Amino acid sequence: MAKYSESVIEEIKSKLSIVEIVSNYLTLNRKGDRFWGLCPFHNEKTPSFSVLPDRGFYHCFGCGKSGSMFDFIMEMEHLTFPESVKYLAEKCGISIEEETPADKIRRTEIETLRDLYAKISASFHYILFESSSADNARNYLAGRKISVEMQKKFYLGYAPDDPDWLYRFLSSKHYSDAILAKSGLFGKNNPRYPLFRNRVIFPIRDWQGHCVAFGGRDLSGESQAKYINTPETVLYRKREIVYGMYESLPALKKESSCILCEGYFDVIAMHQAGMTTAMAPLGTAFTAEQGKLVRRYAGKTYTLFDSDNAGQAATKKALVTCESLGMENHVILLEGAKDPAEIVEKQGNEALSNACKQSRSGFDHLVHSALNMYDIKKPKGKLSVFNEVKPYLDAVDSEIVKQGYMRILADFLQSDEATLLKEYQTGTGGRPSVVTRDNRKVQDSSVDTSLNAWKRSVDLYALLTLMNNRELFPAYRGKLHIGDLINEQAVELYAVLEDATREGIGAADEVILDMIQDNRLKQLVAMSFQTKEFKIQPEDILNESVYRVSIRKLESERKHVENLIRLAETDGTVAIDLSNLLLEKKSLDEEIAKMRKPEHV
């Protein structure tokens, strides 16, 4: 199998959503947290083909087909997995190469840093709630009227003032100086001096919930920088991360709209006031990469940046970005305060909720803002207003909508619409927006992917749990042996996990799926990736499975011994030591009795 760099696969997934890919072949409609359409793999009149955007998988409840966007392209374009990776990489302009030794080193580095960030995030959070050294941080948050519920929801933390604590702590966890130097948590000139001291910590999580960076708010009053963030690392590129998106996902899936704020406290204040789709681009500017990520779940955005000049400039850019991505865009008109956090702090949650009820469309906001900036009684003033709005008009994909905006703008400027259109067309190039749709059908191949299918076998259930929680496999490969499994599908999955562990593969679901040779089994695993069942207390499931497989093995051995005893007692010609068999049976009886704890009886 061609081993592509998993960073390439992850980059493809970050730039393309499965909804975008599938929409090129069939019409999808959102219902709840899924998109639905007519299955391209079998004939049907009622949509049973579903796409789950947050997991990146599809499943047809009619024919049982399941998979990722790579599997979908494999089916629709009749490609192999490597060919589908190449196809999608070319689609989003990514250079693709097979995994090299350097790629493998980088992937290991990423996995190590993810583990490091998870540990330190949990430690910062624990210190905030449990350590006396965080009294000032708790008092500060209370003064900002940030509830304990929100502190826990956003996993806020505190970085102690002790300059040696962080290095000591991470060294005790056996992280090397080399990996600490790449973590972004220490000074460039002093590799043991922490970036964050005496600061409230805001973990920055990607849309999947992994902590990839931190923001910190100074509490000393002595730092020149009130807020600082970790620098970009192999884990963190700020133009691709939206703060608060992970915390917003449950509401985002229901409402299909989001609110773009400016800072950490603004996002938290909005959530606290009940507006739980609030999130913030890191660095104010809302990038196209962030927009594509948000667009997976939201077709509509409400912008609520600060009322100062920088905030208004960022609002203009965000509106253009949203319009260029085909997202309906609005601006919330916040009255009586600079930002949401200020309203919560001074007036409370209800005041913020009431203050956010007024909004207007992105186009209307840009026009009104420009009219307040320039004197349209003068020709150059009219031109200035037009130039303020022009980038937004450039982003509009529909000529009908664009002409409607031109008509509205002409009325405001008291200008002739034809003259305005001529001004716009001068030096303006067209933007192709052709989307081809291929509705080819492929042969139906039904498979049984019901929940009951995998619950019928303890072996299969355990291996599907490990497939969904592959980081646990090294811990359980010594407890659950392949020779003790009796389900053939479970044996194949165990072999896949063993190969993946030895070859250093494991981060991307798509790569693991491609390693499974049996198509029916591949469908079953793909379906399991779309459920939450295997993510809820997986260690409890695996411990129970280890217990049941161990009991089954001992009972099988005991039955074999009992058969030998019966044979020795009935056939005196067979040379079998009956006394040793009886001792062995007694030992097995005792071991089984010892294992049968009350909770398992």
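What follows draws every value from the coordinates through simple rules; no lab data is involved. Predicted model, so just to flag it, every value in this text is computed and none were measured. When we count neighbours, we look across all protein chains shown, and the Cβ atoms used for this are built from the backbone with ideal geometry, even at glycine.
Some values worked out for this structure:
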{"item": "Reciprocal of mean inverse Cα separation for the range 6-91 (Kirkwood radius, Å)", "result": "13.1 Å"}
{"item": "Restricting the range 130-167 to chymotrypsin sites (Phe, Trp or Tyr not before Pro) in coil, as DSSP defines it, with at most 13 other Cβ within 10 Å", "result": "none"}
{"item": "For the range 362-425, the fraction of alpha-carbon pairs in successive 10 Å shells from zero, as %", "result": "23, 63, 15, 0"}
{"item": "Total formal charge among the other residues, if their Cβ is under 9 angstrom from that of K338, Lys/Arg +1 and Asp/Glu -1", "result": "-4"}
{"item": "Over the range 362-425, relative contact order from alpha-carbon pairs under 8 Å, at least 6 apart, %", "result": "27 percent"}
{"item": "Antiparallel bridges, percent of DSSP beta bridges restricted to the chain (to nearest 5)", "result": "75 percent"}
{"item": "Fraction of the pair-distance distribution of the chain above 40 Å, Cα-Cα pairs, percent", "result": "42 percent"}
{"item": "Computed label-point distance, nm, for sites T46 and S95 using a 7 Å Cα→Cβ extension", "result": "5.2 nm"}
{"item": "Vicinal HN-Hα couplings computed from phi for the range 354-363 (Karplus, 6.51 cos²θ - 1.76 cosθ + 1.60; Hz; Gly/Pro x)", "result": "5, 5, 9, 7, 9, 8, 9, 5, x, 5"}
{"item": "Taking N as its residue count, the alpha carbon Rg of the range 224-273 over 2.2 N^0.38 Å", "result": "1.34"}
{"item": "Listed residue pairs exceeding 21 Å between alpha carbons, taken from K65/K532; K13/K317; K254/K532", "result": "K13/K317"}
{"item": "Calculated over the range 277-316: convex hull of Cα atoms, volume per residue (Å³)", "result": "72 Å³"}
{"item": "Spin-label proximity, S220 to the range 274-292 - amide N less than 15 Å from point 7 Å beyond Cα toward beta carbon", "result": "none"}
{"item": "Hydrodynamic radius by Kirkwood, which averages 1/r over all alpha carbon pairs of the range 81-204, in angstrom", "result": "17.0 Å"}
{"item": "Relative contact order computed over the chain (Cα-Cα under 8 Å; 6+ residues apart), in percent", "result": "12 percent"}
{"item": "Expected 222 nm ellipticity per residue - DSSP helices of 4 or more, -39500 (n - 2.57), all of the chain, to 500", "result": "-16000 deg cm²/dmol"}
{"item": "S359 long-range amide H proximity, modeled H, under 5 Å", "result": "L333"}
{"item": "Extended-chain gain in nm, criterion 0.36 nm per residue less alpha-carbon gap, A351 and N372", "result": "4.8 nm"}
{"item": "Charge context of S171, other residues only, Cβ under 13 angstrom, K/R +1, D/E -1", "result": "+2"}
{"item": "Mean-position separation - Cα centroids, the range 142-212 and the range 299-343, in angstrom", "result": "30 Å"}
